[in-house]
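To start, the structure itself, in structure tokens.
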Amino acid sequence: RGAMGAGASLVGGKDEPALVTVEEVRTARERDQYRIAYKRSEEFLDRERGLCGVAGYLSSSPYHRPLMKDKMERSLGCLDDVANSYSHDQRRSTGHTEVVQRALTGGGAVRAMCTLGDTAAVACASEGGPVWVYNWREGEVVSQFRGAADCAAGKGGPHCEGSVRRLAALGEDKSFLATGDTNGYLALWDLAGPALASEAHVHQGAITGLRGDRNGGLVATTSEDTYILVSDTATNSGLVRARPESGTCGHNIPNSALEVAGDLARSAQLFVGGADGKLRVWTKDDSGVKRHSTLSCAGGQPTECWLAHDGWRLAVATAPADALFCPEPARGGGFRLFDVRKLGGDGTSCLVAEYVSPTTHREDPSLWTPPGALDMVLAERSGTTFALCLLGGGVYGFDLDRAAGLSKPGVRRPKGEDEAVETNAGLAPAFDFDVVAEHDGAYSPPHYPCSIAAAGSFVFTATTAPSLGVWRQPSESERFGHNSFVGPAKPPLVLRSRCLPWQPPEGVALEPGCGAKAAHFNALAGPTALQAVMQALETDRSRHRGLMAKDIGSWPGPLRPEDLVRGVTKAQEDGAPVHDMVLA
């Protein structure tokens, strides 16, 4: 029998309300909560779709979902307005924005980058192991994984000790990111989480090449263990595995770069660079992977290969080959352009143009940089395809359209070399630009750019400072001034944003055992965003007359305006400095 009293009494010993209206009220309340939350979410997403569209990216992209989720859960929405206003002030003052991120503090320099589906997001792999997605228009890290804290918690995968050197965005919507590390592990990450989708130990050496097909179902990798592997990301298994046969050219030669032309699921060509200064061409079809031909890089080891959108211009960046594997005299590395329509024979007819790298881009010989090309990417500007190479500490831009129009191969060597060689003006770099000197040049030891990526008219460069720079390529049609006044020519790259490592305040120690490149700092290592805003607010208040907080707290009775004025006068008579006062 139910007890007398509230409508929540029990009947027949069952945990149910005696009054049916109680359950209806609960259901209506839950329905109202859901409706209000859904309406708030839709209003927020509609607002973000408009703002993100103006900023130049889609808020509905899978790799931006962690950022949208974080924004929805923020209790202080005005932080976005504060950050945007501060960015506009920086741009008006210095021409570019500067943000500080902890992702650069613990992981070290960015050694690999990969652009995603728009010009705002770029995936970065730090030297220490972490991988993070950065939205430079928002100035925020969208997601971060594979870090020390993630590995300790079991979220970064069972094998995340090695450094990631190759990245590839997979799928039409770029919702997945494939990573290849120095220990031979191939991992697939769902950027919408982010979460580890799969992981496999596919090579016995460092992965040196990584490419995916259009649908993201298949991934091709090369490694220092000399093998070429095509894997299925759905089943996490290798489909095709090949390497040069014993006694043939390339046997036991470590691979250094990879590019894929065609569809891995059907028929494709694989261009595989070797440490012996050769670029080997393989074909893949239903019967497997077979060797086709070999292209010589004249003593230069391919470090990166990219195929232009037309499908026949192959750009290759080279560094000095390993003398242990290369019988030819080592060269300084540089840039080579091939026409893959002319494959066959000894491969000499495929060479369209070549540029031999100078020893260094910098005038001071003491500013040492690694020889050859460290990285390369293809970029489109005003309908022209450029190859951007990191050579001698600078960014060299090569106009592929102009180079492909050469009647015969030629070589442009830096001034000062005694060897008489043929020089063709079409092989000269369209521009060379130092991305380090202005902002990261005043360091010892000197820093240099170590990774590059491009999306649209924007170029992303990472330096060993460490720092991450976002540059815009001005269009040739852009003008400054008018017909009677023509302003100075714009530089080939204009800085838009810089991302710098966060530095702990003085007197704050790192976590025990973390070292100089700690993955993260103590909880008291720095102020939160809200604390930083409140601190700035108090700084603004201190510039005006006010009362010390302790004086306000000890003031008898309710405060009135005349009491505040009297308190300020009393505090000044007591010798209290005005800048130490805060107004409650």
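The values are calculated or read from the model by the stated rules, or taken from the named source; none is laboratory data. The model shown is predicted, which means the values in this text are computed figures rather than measured ones. Cβ placement follows ideal geometry from the backbone for every residue including glycine, while neighbour counts extend to all protein chains displayed. Please note that ligands, DNA and RNA were not included when accessible areas were found on the heavy atoms of the full protein model with its side chains. Shrake-Rupley method; radii C 1.70, N 1.55, O 1.52, S 1.80 Å.
Among the GluC sites (Glu not before Pro) found in region 69-133, those both in a DSSP coil and sparsely packed, with 12 or fewer other Cβ atoms within 10 Å of their Cβ, are Glu73. On the basis of the beta-carbon distance and an R0 of 45 Å, Lys342 and Glu478 show a calculated FRET efficiency of 0.75.
Pairs Lys290/Lys342; Lys71/Lys174; Lys39/Lys71; Lys174/Lys290: which are spaced more than 27 Å apart, C-alpha to C-alpha?
Lys174/Lys290
For the pair Glu438 and Val100, label points projected 7 Å from Cα toward Cβ lie 2.3 nm apart. Put simply, the convex hull of the Cα atoms in region 90-222 casts, on average, a shadow of 8.2 nm². Principal semi-axes of the equivalent ellipsoid, √(5λ) from the alpha carbon gyration tensor of region 258-348, are 23, 14, 11 Å from largest down.
Annotation for region 164-259: GluC sites (Glu not before Pro) lying in DSSP loop with at most 12 further Cβ atoms inside 10 Å of their Cβ are Glu172, Glu245. Can you find, among Gly262, Val219, Gly209, the residue farthest towards the positive end of the dipole of region 148-285? Put +1 on the C-beta of Lys and Arg, -1 on that of Asp and Glu. So the residue furthest toward the plus end is Gly262.
So between Val240 and Glu380, what do we pick up on full extension, going 0.36 nm a residue minus the alpha carbon distance?
47.0 nm
Quick check for you: with a 1.4 Å probe and neighbouring chains kept, what is the accessible area per residue of region 201-304, in Å²?
Per-residue value: 38 Å².
Estimated at 0.36 nm per residue, the fully extended path between Ser267 and Glu23 surpasses their Cα-Cα distance by 81.5 nm.
Within the accessible surface of region 112-269, defined with a 1.4 Å probe on protein heavy atoms only, the carbon and sulfur portion equals 44 percent. Counting only protein chain heavy atoms and rolling a 1.4 Å probe, the accessible areas of Met72, Met113 rank, largest first, as Met72, Met113. Its Cα centre serving as origin, region 314-357 has a Cβ charge dipole (Lys and Arg +1, Asp and Glu -1) of approximately 140 debye. Note: relative contact order over region 90-149, using C-alpha pairs below 8 Å and six or more positions apart, is 24 percent. The largest accessible area among Arg341, Arg74, Arg280, Arg49 belongs to the first residue in Arg341, Arg49, Arg74, Arg280, and the rest follow in falling order (1.4 Å probe, all chains). For Asp225, the accessible area of its heavy atoms, probed at 1.4 Å with every protein chain present, is near 30 square angstrom. Once the Cβ-Cβ distance of Asp401 and Arg35 is raised to the sixth power relative to R0 = 56 Å, the FRET efficiency obtained is 0.45.
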